[in-house]
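Engineer: The structure that follows is given in the form of structure tokens.
Just so you know, all these numbers are worked out from the coordinates, no wet-lab data involved. Since this is a predicted model, take the numbers as computed values, not measurements. Positions of Cβ are backbone-derived with ideal geometry, glycine not excepted, and every protein chain shown enters the neighbour counts.
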Amino acid sequence: MPDRVEFAALADDLIRQVDGGLDDPEWVKKRYMKKMRDADRTVYEVPFLTLQKGPVRLCLDPTGYDVPGAEAAVDLYLMPTYDPLATFYSEGGRWFIHSDFLPGPKDEGSAEEGRRAPLAHDTLNQVMEAIAEHAVPSL
């Protein structure tokens, strides 16, 4: 089972992949540090990323490492409503994305009950562009 240090490193790895992997220069990205509290009440920090394209604002929010079958989980939310649009899972040191914005049949029984794919440059851009095109930001 990973610890908070490994979780923070995994979250940092994913945020670097997302930050550096978006092709469209209209995505404005800002990185912050998020404070979290462990089960033993230890406070630690993990990276958190906000993304904006036009009126669509998203956040890549690390949620935890106590996840069955994965070393880490990071949600992608529409802001400010925090509607979940995708979840990233680290499995065996490799990131996967679960989202209804991926093409193909739904992954029955998956944690997200959406579609699943390994995180790759094309997959990331496809999901992010679909979200920017179809997500309706709240006013």
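Engineer: How far apart, in nm, are two points set 7 Å out from the Cα along the Cα-to-Cβ line at Y82 and at D122?
Structural biologist: Label-label distance for Y82 and D122, simple model: 3.6 nm.
Engineer: While we're on this one: Count of lysine pairs in the chain with Cα atoms under 26 Å apart, counting only pairs 8 or more residues apart in sequence or on different chains? Don't skip to the answer; put the middle values down first.
Structural biologist: Numbers: K29/K53; K30/K53; K34/K53; K35/K53.
Count of close lysine pairs: 4.
Engineer: Spelling out what I want: for every residue of segment 15-30, take phi, set θ = phi - 60°, compute 6.51 cos²θ - 1.76 cosθ + 1.60 (Karplus), and round to whole Hz; glycine and proline get x.
Structural biologist: 5, 5, 5, 5, 4, x, x, 7, 7, 6, x, 6, 6, 9, 10, 9
Engineer: Near the amide H of D75, under 5 Å away, which other amide H atoms are found, from residues 5 or more places off or on another chain, if H is placed in the peptide plane?
Structural biologist: Long-range HN contacts for D75: D61, T63, F88.
Engineer: I need K35, K29, K53 ordered by Cβ neighbour count within 10 Å, fewest first. Spell out each step's value before the answer.
Structural biologist: Numbers: K35 9, K29 16, K53 20.
Placing the least packed residue first, the sequence is K35, K29, K53.
Engineer: Order of Y65, Y32 from fewest to most other C-beta atoms within 10 Å? The partial results should precede the final answer.
Structural biologist: On the way: Y65 23, Y32 11.
With the sparsest Cβ surroundings first, the list reads Y32, Y65.
Engineer: Would you mind giving the average projected area, over all directions, of the Cα convex hull of the chain in nm² with one decimal? Write down the numbers at each step before the final one.
Structural biologist: Numbers: hull surface 33.4 nm².
For the Cα atoms of the chain, the hull's average projected area reads 8.3 nm².
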